[in-house]
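Trainee: Questions regarding the structure given below will be posed in turn.
The values are calculated or read from the model by the stated rules, or taken from the named source; none is laboratory data. Because the structure is a prediction, the values reported are computed rather than measured. We place every Cβ from the backbone using ideal geometry, glycine too, and count neighbours over all the protein chains shown. Keep in mind that these areas ignore ligands, DNA and RNA; they rest on the heavy atoms of the full protein, side chains included. Shrake-Rupley method; radii C 1.70, N 1.55, O 1.52, S 1.80 Å.
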Amino acid sequence: MTTLFAPTALLPDGWADNVLIECDKDGWIVGVDGFKAQAQYSKDVELIAGPLVPGMPNVHSHAFQRAMAGLTERASGKKDNFWSWRDTMYRFLSGIEPEDMEALAAQVYVEMLKAGYTTVGEFHYLHHQRDGKPYDDRAILSRQIIKAALETGIAVTHMPVLYAYGGFGEQPPTEGQKRFINTVPELMKIIEALHKDYKSTPQVTIGFAHHSLRAVSPEMLREGTRAVRKLLRQAPIHIHAAEQMGEVDGCVAWSKLRPVEWLLENGNVDELWTFVHCTHMTDGETAALAASGIVAGLCPTTEANLGDGIFPLMKFFNAGGNFGIGSDSHISVSMVEELRWLEYVQRLLHRERTLIKKPENPSVGAVIFEQALSGGARSLGRKIGRIEIGHRADFLVFNQDLPCMTGKVRDHILDAAIFAASENPVKDVMVGGRWVVRDGHHKREENILARYQQVLRKFA
């Protein structure tokens with residue numbers, strides 16, 4: 001049993017002072033008691049040195065892409081966009097071996113933890129050898145990802161991705177996509193093996209993803225969804241949707257419908273789904289997606305880096321839509337930056353301030369933070385995002401010594417952390433009842449960085 005005493009903590013009903021939190025040996029919260037005097041507790045109770053809040057879910061990650069950061073910022077002499085960036089990505093991943101994958105993932109997971117992410121949704125489509133043939137163990141690259149998560153201490157919802165085609169209308173895959181390709185039965189072998197091996201590991205959840213409507217046929221989408229639902233009734237299902245206008249135009253040419261529109265009408269989707277990006281939607285699609293209960297997985301730093309466009313967050317949020325945040329390509333690994341960009345992009349678009357708010361709560365920082373917690377928890381299918389009995393003991397402690405945090409209380413803590421911190425405001429991180437970052441340091445970060453650097457020298 002771990003017992004913590006927080007002078008101030010963000011509980012589901014708001015901030016509370018003098019909170020006692022008890023966690024069992026498996027990392028579950030078993031007791032939350034507010035408004036208690038510290039003096040009545042024994043020396044075995046650990047005093048938290050700063051505001052305590054739930055850890056943030058990162059709903060969308062391609063771990064290996066962190067190693068590409070900085071390699072795609074040179075102009076090619078033509079119009080650069082997502083599609084030209086993708087060509088570079090294909091060339092980079094062609095040389096990744098299983099042992100490389102673990103080293104690359106471990107490094108970005110350390111960075112996530114230090115930034116305040118305590119759970120990652122890994123959208124994993126790299127399955128096969130360089131020549132496209134399966135490994136003897138089809139799940140080996142997935143296992144390396146999960147190994148990295150367990151080593152670093154981050155919780156993971158691992159989602160093997162169904163990918164079969166190179167474009168709408170079942171176009172043949174390209175050379176750069178050969179390591180991704182599976183049929184539904186082939187991908188289910190990976191998911192079944194992972195479920196068998198990790199079903200009793202509380203830090204691991206197994207989900208499923210369709211890459212996109214351009215990469216699976218309607219028949220495969222339905223078949224894949226049925227197959228995973230038969231094995232894992234509550235598994236989260238993710239899909240890329242409407243990230244770029246080229247994708248939208250291709251979908252209309254193929255089906256006469258836009259991607260989000262097609263999925264809502266034909267995909268047999270429900271609240272266990274997450275649509276990632278959804279950058280380009282009509283007002284009708286935006287309202288329908290919000291009403292569906294499906295989570296929008298928003299990745300503003302990646303979407304900005306790729307020049308994708310701007311998600312219609314104001315209309316979506318005001319219609320009651322749910323969203324989570326993800327660092328996606330990891331051009332930046334910063335919880336604060338993703339949350340800040342959500343609001344700032346809307347301010348630039350609408351030329352107005354303090355947009356993501358609620359009538360009962362005028363604090364933009366608090367509203368964005370709490371919405372990303374709840375949407376992220378739903379997206380990843382885990383009992384996270386709340387300091388509440390029955391949830392995982394995933395916590396962040398903010399650094400009160402930062403100048404911007406001086407004298408801040410209640411929701412001003414979140415406003416300052418998100419909009420005023422010029423350095424990382426996260427001091428300590430607990431995941432599953434265990435401290436993984438103390439005073440901004442992960443105990444294995446030096447060894448993990450050395451392995452990461454060794455792998456990157458292969459690509460120099």
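Trainee: Do we find a residue being in contact with a Lys or Arg (Cβ under 8 Å, 6 or more places away or on another chain), closer than 29 Å to Leu272 by Cβ and basic (Lys, Arg) anywhere in the stretch 353-373?
Mentor: no
Trainee: Tally up the residues in the stretch 376-411 that are basic (Lys, Arg), over 20 Å from Val437 (Cβ atoms) and in a loop (DSSP other than H, G, I, E, B), please.
Mentor: At the first step, the residues of the stretch 376-411 found to be basic (Lys, Arg) are 378, 382-383, 386, 392, 408, 410.
Right, trim to over 20 Å from Val437 (Cβ atoms) and you get 378, 383, 386, 408, 410.
The next check asks that each one be in a loop (DSSP other than H, G, I, E, B); those that pass are 383, 386, 408, 410.
Total satisfying the criteria: 4.
Trainee: Quick one: what pairs do we get from the stretch 435-446, first residue aromatic (Phe, Trp, Tyr), second at pLDDT 95 or above, C-beta under 8 Å, 6+ apart or different chains?
Mentor: Pairs that qualify, where the first residue is aromatic (Phe, Trp, Tyr) and the partner is at pLDDT 95 or above, are Trp435/Asp428; Trp435/Val429.
Trainee: Filter the stretch 417-443 for residues that are assigned to a loop (DSSP other than H, G, I, E, B) and open to solvent by 80 Å² or more (accessible area, probe 1.4 Å) and give the result. So that I can check it myself, show each step before the final result.
Mentor: Step one: filter the stretch 417-443 for residues assigned to a loop (DSSP other than H, G, I, E, B), giving 420-425, 432-433, 439-440, 443.
If the condition is that a residue be assigned to a loop (DSSP other than H, G, I, E, B) and open to solvent by 80 Å² or more (accessible area, probe 1.4 Å), then Ser422, Glu423, Asp439, Lys443 are the ones that fit.
Trainee: If you don't mind, another one. Does Pro173 qualify as being part of a loop (DSSP other than H, G, I, E, B), surrounded by fewer than 23 Cβ atoms within 10 Å (Cβ to Cβ) and either aromatic (Phe, Trp, Tyr) or free of Cβ contacts under 8 Å to residues at least 24 places away in the same chain (or both)?
Mentor: yes
Trainee: Which residue is farthest from Met430 (Cα to Cα), if the candidates are limited to the stretch 71-117 and must be among the polar types (S, T, N, Q), in contact (Cβ under 8 Å) with a residue 12 or more places away in the chain and part of a helix (DSSP H, G or I)? I'd like the intermediate steps shown before the answer.
Mentor: Of the residues in the stretch 71-117, the ones among the polar types (S, T, N, Q) are 72, 76, 81, 84, 88, 94, 107.
Remaining after also requiring in contact (Cβ under 8 Å) with a residue 12 or more places away in the chain: 72, 81, 88, 94, 107.
Those left that are additionally part of a helix (DSSP H, G or I): 88, 107.
Values: Thr88: 36, Gln107: 18 Å.
Among them, the one singled out is Thr88.
Trainee: Considering only the stretch 180-264, give the helices (runs of 4 or more DSSP H) lying wholly within it that have at least 2 residues that are open to solvent by less than 40 Å² (accessible area, probe 1.4 Å) and of a type in the set (S, T, N, Q).
Mentor: Result: empty, no element qualifies.
Trainee: Might you let me know whether the stretch 118-125 holds any residue that is under 26 Å from Ile237 (Cα atoms), outside any loop (DSSP other than H, G, I, E, B) and at pLDDT below 95? Before you say what the answer is, go through the steps one by one.
Mentor: If we filter the stretch 118-125 for residues that are under 26 Å from Ile237 (Cα atoms), which is where we start, we get 118-125.
Keeping just the survivors that are outside any loop (DSSP other than H, G, I, E, B) gives 118-124.
Next cut, at pLDDT below 95 only: none.
No.
Trainee: A further question follows. Would you please list the contacts, defined by Cβ atoms under 9 Å and residues six or more apart or on different chains, that run from a residue in the stretch 267-285 that is of a type in the set (Asp, Glu) to a residue that is open to solvent by less than 30 Å² (accessible area, probe 1.4 Å) and part of a strand (DSSP E or B)?
Mentor: If the second residue must be open to solvent by less than 30 Å² (accessible area, probe 1.4 Å) and part of a strand (DSSP E or B), the pairs left are Asp270/Ile237; Glu271/Val295.
Trainee: Now for a different question. Restricting to the stretch 346-382, give me the number of residues that are touching a helix residue (DSSP H, G or I) at 6+ places or on another chain (Cβ under 7 Å) and in contact (Cβ under 8 Å) with a residue 12 or more places away in the chain. Reasoning before the result, please.
Mentor: Taking the stretch 346-382 and keeping what is touching a helix residue (DSSP H, G or I) at 6+ places or on another chain (Cβ under 7 Å), we get 346, 350, 353-358, 361, 363-366, 368-369, 372.
Adding the requirement that they be in contact (Cβ under 8 Å) with a residue 12 or more places away in the chain leaves 346, 350, 355-356, 361, 363-366, 368-369, 372.
Looking only at that region, the number is 12.
Trainee: A further question on this structure: His128 versus (1) under 30 Å from Arg386 (Cβ atoms); (2) open to solvent by less than 10 Å² (accessible area, probe 1.4 Å): which is the lone unmet condition?
Mentor: Result: His128 passes all but (1).
Trainee: Test Val260 against the criterion of being in contact (Cβ under 8 Å) with a residue 12 or more places away in the chain and over 26 Å from Phe311 (Cβ atoms), and give yes or no.
Mentor: no
Trainee: Let me ask another. I'd like the residue in the stretch 48-74 that is of a type in the set (Val, Ile, Thr) and crowded, with 24+ Cβ neighbours inside 10 Å and, out of all such residues, is farthest from Glu22 (Cα to Cα).
Mentor: Start the filter on the stretch 48-74 by keeping residues that are of a type in the set (Val, Ile, Thr), which leaves 48, 53, 59, 72.
Within this subset, residues satisfying the condition of being crowded, with 24+ Cβ neighbours inside 10 Å are 53, 59.
Numbers: Val53: 15, Val59: 27 Å.
Looking at the filtered set, the residue picked out is Val59.
Trainee: Can you name the residue in the stretch 447-460 that is without any contact (Cβ under 8 Å) to a residue 60 or more places away in the chain and of a type in the set (A, V, I, L, M) and, of all such residues, is surrounded by the fewest Cβ atoms within 10 Å (Cβ to Cβ)?
Mentor: Ala460
Trainee: Out of Leu396, Leu414, Leu380, Leu373, report the one residue that is in contact with a Phe, Trp or Tyr (Cβ under 7 Å, 6 or more places away or on another chain) and crowded, with 20+ Cβ neighbours inside 10 Å.
Mentor: Details: Leu396 fails: in contact with a Phe, Trp or Tyr (Cβ under 7 Å, 6 or more places away or on another chain); Leu380 fails: in contact with a Phe, Trp or Tyr (Cβ under 7 Å, 6 or more places away or on another chain); Leu373 fails: in contact with a Phe, Trp or Tyr (Cβ under 7 Å, 6 or more places away or on another chain).
After ruling out the rest, the residue left standing is Leu414.
Trainee: Of the numbered conditions (1) at pLDDT 90 or above; (2) open to solvent by 10 Å² or more (accessible area, probe 1.4 Å); (3) of a type outside the set (Ser, Thr, Tyr), Asp80 fails exactly one; give the number of that condition.
Mentor: Only one criterion in (1) at pLDDT 90 or above; (2) open to solvent by 10 Å² or more (accessible area, probe 1.4 Å); (3) of a type outside the set (Ser, Thr, Tyr) is unmet by Asp80, namely (1).
Trainee: Please enumerate the residues belonging to the stretch 221-249 that are under 21 Å from Arg378 (Cβ atoms) and among the β-branched types (Val, Ile, Thr).
Mentor: Within the stretch 221-249, Thr225, Val228, Ile237, Ile239 meet the criteria.
Trainee: List pairs: first residue in the stretch 402-419 and closer than 17 Å to Ile356 by Cβ, second residue among the aliphatic types (A, V, I, L, M) anywhere in the structure, Cβ distance under 6 angstrom, at least six positions apart or on different chains.
Mentor: Asp411/Ala366; Leu414/Ala366; Ala416/Met405; Ile418/Val336; Ile418/Leu339
Trainee: Which of the numbered conditions does His330 fail, given that it passes all the others? Conditions: (1) open to solvent by less than 20 Å² (accessible area, probe 1.4 Å); (2) assigned to a helix (DSSP H, G or I); (3) over 19 Å from Ala242 (Cβ atoms).
Mentor: His330 satisfies every listed condition except (2).
Trainee: Considering the stretch 132-170 alone, what residues qualify as being in a helix (DSSP H, G or I) and either free of Cβ contacts under 8 Å to residues at least 24 places away in the same chain or of a type in the set (S, T, N, Q) (or both)?
Mentor: If the condition is that a residue be in a helix (DSSP H, G or I) and either free of Cβ contacts under 8 Å to residues at least 24 places away in the same chain or of a type in the set (S, T, N, Q) (or both), then Ser142, Gln144, Thr152 are the ones that fit.
Trainee: Looking at Phe323, Phe311, Phe275 in this structure, which one is touching a strand residue (DSSP E or B) at 6+ places or on another chain (Cβ under 6 Å) and either modelled with pLDDT under 95 or part of a loop (DSSP other than H, G, I, E, B) (or both)?
Mentor: Residue meeting the stated conditions: Phe311.
Trainee: Out of everything in the stretch 13-47 that is part of a loop (DSSP other than H, G, I, E, B) and surrounded by 15 or more Cβ atoms within 10 Å (Cβ to Cβ), what residue ends up being modelled with the highest pLDDT?
Mentor: Gly27
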